[in-house]
1. For 50, 142, what ranking results if the residue with the fewest other Cβ atoms within 10 Å of its Cβ goes first?
2. Got a sec to turn the phi values of segment 89-100 into Karplus ³J(HN,Hα) couplings, 6.51 cos²θ - 1.76 cosθ + 1.60 with θ = phi - 60°, whole Hz, x for Gly and Pro?
3. Given 10 Å bins starting at zero, what is the percent of C-alpha pairs of segment 20-173 in each, up to the one with the largest pair distance?
4. Please work out whether segment 106-147 counts as rounded, prolate or oblate from its C-alpha gyration tensor, where a ≥ b ≥ c are the square roots of the eigenvalues and a/c under 1.5 means rounded, while otherwise a/b larger than b/c means prolate and anything else oblate?
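Readers should treat all values here as calculations from the given coordinates under stated rules, not as data from a laboratory. Just so it is clear, the model here is predicted, and its values are computed rather than measured. Cβ: placed from backbone, ideal geometry, glycine included. Neighbour counts: every protein chain shown.
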Amino acid sequence: MKKNILLAVLLLGFQSAFAQKSLLGLDENNRYIYYQVVDRPGLAADSLGKLALGFVTSSFANKKEKSANDSSIKVRAYFETYSALAFAKHESGRITFELSIECRNNKYRYWITDFVFTPYERDRYGMFVPVVGKDVALENAKIKLDKKELEGYLDQTGTYCQDIGTRLKLYMQLDHHSKIKGSPDQSKKIVTKNW
């Protein structure tokens, strides 16, 4: 009985370890992509576009480039990756990506692609800084990176993309217009005269 429980726990552990990599697919140009289409009935394309622009503005402090029009938004940003070794966990690089959001009436879609890995190295002050000229696309990283390192970076990328998708969906579901148009805060006032 104990062996069966241990086997089940191990199988669940292996399944969850390989689950993040499956979040990323390949597009028609053989680049890694995270792609979702979300229905949002009752909202016009311009309202969804304003919500998406608000999400991008509030979520990406490290954004490099941003372009937007009425129904589509593109932003280029990055996130830091960490080494796969548990005993020496430190920043090992950054992955730059492009997030695109397009809105239509009653639905929107978003995708994250163009993943480029930039390794870090220690500078003379002991800080980890990007290595200039060593950028590599994740699709071509098999040549430059160890297999275990690449799997770790793909898992971290899948997890990060899933997190962005979850935050975007939550932001697009909130009613931001009621906060703008609503009356002033009606919180309970404290009267200090009577005690």
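1. With the sparsest Cβ surroundings first, the list reads 142, 50.
2. With coefficients 6.51, -1.76 and 1.60, one gets 6, 7, 5, 10, x, 9, 10, 8, 9, 10, 9, 10 Hz.
3. The calculated distribution, bin by bin, is 10, 38, 32, 15, 5, 0.
4. Taking the square roots of the gyration eigenvalues as a ≥ b ≥ c, segment 106-147 is oblate.
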